[in-house]
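Here the structure comes first, spelled out in C-alpha cells, and everything after it is commentary.
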Amino acid sequence: MDAESQERFREFVESRSSALLRTAVLLCGGDRHAAEDQLQNALVKVAGRWSRVEEPEAYVRQVLYRQQVSRWRLKWPRREVAVAEPPERAGDGDQSAAELRVVMRGALARLTPRQRSVLVLRYFEDLPEADVARVLGCTVGTVRSTTHRSLARLRQLAPELAALGGPDDADETADAAPPRDISPVQPVEPVEVRP
C-alpha cells in the first residue's frame, strides 16, 4: 500500500470505526471485546484489498456480517455470555433510555447469533428482507421466519420493551394476502376401528 492509500485508510478508520464498532457490538450480543476483535479482523481484510475496494464501509460491514455467519456455524460449542437479570422496575414502570439500552443489550445477548444478525440487519441497518438474505447467504423465507421467531423471543426475554412499540408482526405480513373467509368446521362423528 502506497503512502497516499495508507493515509486514506487511516482517515477512513478514524472517521468510521465508532459507527462500525456499534454494529459489531450489536452483532456480538453486547460483547464489546468480541466486537472489537471482529472489527479488527474486518479492517485487516479491508487493508489488504484497499486499492480495489470501491465502497470501503459497505465492504467492512459485509465482512462483519459474514464473520458473524461463520461464528454461528461453528460446530463446537460457543462460549455463553452471562448476563445479570435486569433490576425490578420501581414506581409506575417508567424507565430511562439507559435502562432500556441495558435491557435490550441483555436480551440481544441471549438470542442466538443468527437471530441477532437478522434483527440488526433488518432494524438497526434498516435493510429490506431481500438484502438481508443476500448478505447472510440464505433465502428471503429464512429471513422472514427468523425475524418472526427472533422478535417473539425478544418480546419474551424483555417484555418491558413492548412499551416502546417497534416492529410488529403485522408490519412483516402487510404484503400478505388477506385472510380467506373460512366456514366453521363441522364436527366429525367418531369412527369405530375394528382390529
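If SER70 meets every condition in (1) modelled with pLDDT of 85 or more; (2) in a helix (DSSP H, G or I) apart from one, which number is that one?
Of the numbered conditions (1) modelled with pLDDT of 85 or more; (2) in a helix (DSSP H, G or I), the odd one out for SER70 is (1).
I want to confirm something. Restricting to region 10-54 and keeping residues that are acidic (Asp, Glu) and more than 29 Å from THR112 (Cβ to Cβ), which single residue is surrounded by the fewest Cβ atoms within 10 Å (Cβ to Cβ)?
So, considering only residues that are acidic (Asp, Glu) and more than 29 Å from THR112 (Cβ to Cβ), the one surrounded by the fewest Cβ atoms within 10 Å (Cβ to Cβ) is GLU54.
Scan region 106-124 residue by residue and report those that are surrounded by 15 or more Cβ atoms within 10 Å (Cβ to Cβ) and under 19 Å from ALA19 (Cα atoms).
LEU108, ARG116, SER117, VAL118, LEU119, VAL120, LEU121, ARG122, TYR123
Looking at (1) closer than 20 Å to LEU21 by Cβ; (2) at pLDDT 65 or above; (3) surrounded by 10 or more Cβ atoms within 10 Å (Cβ to Cβ), which is the only condition VAL81 fails?
Of everything listed in (1) closer than 20 Å to LEU21 by Cβ; (2) at pLDDT 65 or above; (3) surrounded by 10 or more Cβ atoms within 10 Å (Cβ to Cβ), VAL81 misses just condition (2).
Condition check ((1) part of a helix (DSSP H, G or I); (2) of a type in the set (Lys, Arg); (3) closer than 23 Å to VAL60 by Cβ) across all residues:
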| residue | (1), (2), (3) |
| --- | --- |
| GLY106 | yes, no, no |
| ARG114 | yes, yes, yes |
| SER117 | yes, no, yes |
| LEU127 | no, no, yes |
| ALA130 | yes, no, yes |
| VAL143 | yes, no, yes |
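Considering only residues that are among the aromatic types (Phe, Trp, Tyr) and outside any helix (DSSP H, G or I), which ones fall in region 1-41?
none
The values are calculated or read from the model by the stated rules, or taken from the named source; none is laboratory data. Computed from a predicted structure; not experimentally measured. Neighbour counts run over all protein chains shown; Cβ positions are idealised from the backbone, glycine included.
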